[in-house]
Amino acid sequence: MMNIDSVLNLIPYTIPAVVVAGISYVFFQKIIDKQSQRDKFIIDHFTKATPATNSVDSKALKLQACERLIIFAERSDLKKLLLRIQPISDNVLAYSHLLIQHIEQEFEYNITQQIYVSETLWNIVETNKNSNQQIIQQVASLNQAENVEQFQKLLLEHSVVLQRSTDVLFKAINEEAKFNLQ
């Protein structure tokens, strides 16, 4: 059985814990209330919008998606990627993985744009991404480069093949943007 001394020894720990729990409850309750008010405002604001406002917002979102995809195409272009992403070591395989990782990160960052663009355009975006990654993997697997600088030169030589794919992507994005402006 617990004696009185044990209970008295627990009081200095219990009282601060109860006070902290009470303050935390009040603090988090205020945060939840503010978040609920914000959510209610957003819901009320968007449900009161007129159809004309919705169509303008829709066009703006579609054009913004095209803009984001242009940026993705620029950032995943092999020539520009090689200039932007510097090797960490002289290991060709590690550098190829780094390049592929950057392309994948850019793609994942823009993946939500697919809900604002046509399926055809999104397929072209995916094809371009996959082509870039395949070229990097193929050149790395050839084992023709003794160091990263040679690997970069080989990638630049092979990037000519990808230029047509990139041009098609830019043209498709521009056509989609023009269509959304109508």
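The values are calculated or read from the model by the stated rules, or taken from the named source; none is laboratory data. Treat the numbers as computed from the prediction; the structure is a model and nothing was measured. Every residue, glycine among them, receives a Cβ derived from its backbone with ideal geometry; neighbour counts consider all protein chains shown. The protein model used for the area step is the full one, side chains on, heavy atoms only, and it has no ligands, DNA or RNA in it. Shrake-Rupley method; radii C 1.70, N 1.55, O 1.52, S 1.80 Å.
Picking from residues in the stretch 92-121 that are outside any helix (DSSP H, G or I) and open to solvent by 40 Å² or more (accessible area, probe 1.4 Å), the one that is modelled with the highest pLDDT is 118.
Against the condition over 18 Å from residue 63 (Cβ atoms), assigned to a helix (DSSP H, G or I) and not small (Gly, Ala, Ser), how does residue 124 come out, does it pass? Full working, then the answer.
Details: over 18 Å from residue 63 (Cβ atoms): no; assigned to a helix (DSSP H, G or I): yes; not small (Gly, Ala, Ser): yes.
No: the conditions fail for residue 124.
Looking at the stretch 127-157, which of the residues that are among the acidic types (Asp, Glu) and part of a helix (DSSP H, G or I) is surrounded by the most Cβ atoms within 10 Å (Cβ to Cβ)? Filtering first and then ranking leaves 149. Selection of the stretch 135-182 for residues being closer than 15 Å to residue 66 by Cα and among the β-branched types (Val, Ile, Thr) yields 166, 168, 173. The criterion of being modelled with pLDDT of 90 or more, among the small types (Gly, Ala, Ser) and either out of contact with any Gly (no Cβ under 7 Å at 6 or more places or on another chain) or not in a helix (DSSP H, G or I) (or both) does not hold for residue 89. In summary, residue 59 fulfils each of the numbered conditions (1) outside any loop (DSSP other than H, G, I, E, B); (2) surrounded by 13 or more Cβ atoms within 10 Å (Cβ to Cβ); (3) modelled with pLDDT of 85 or more with the single exception of condition (3).
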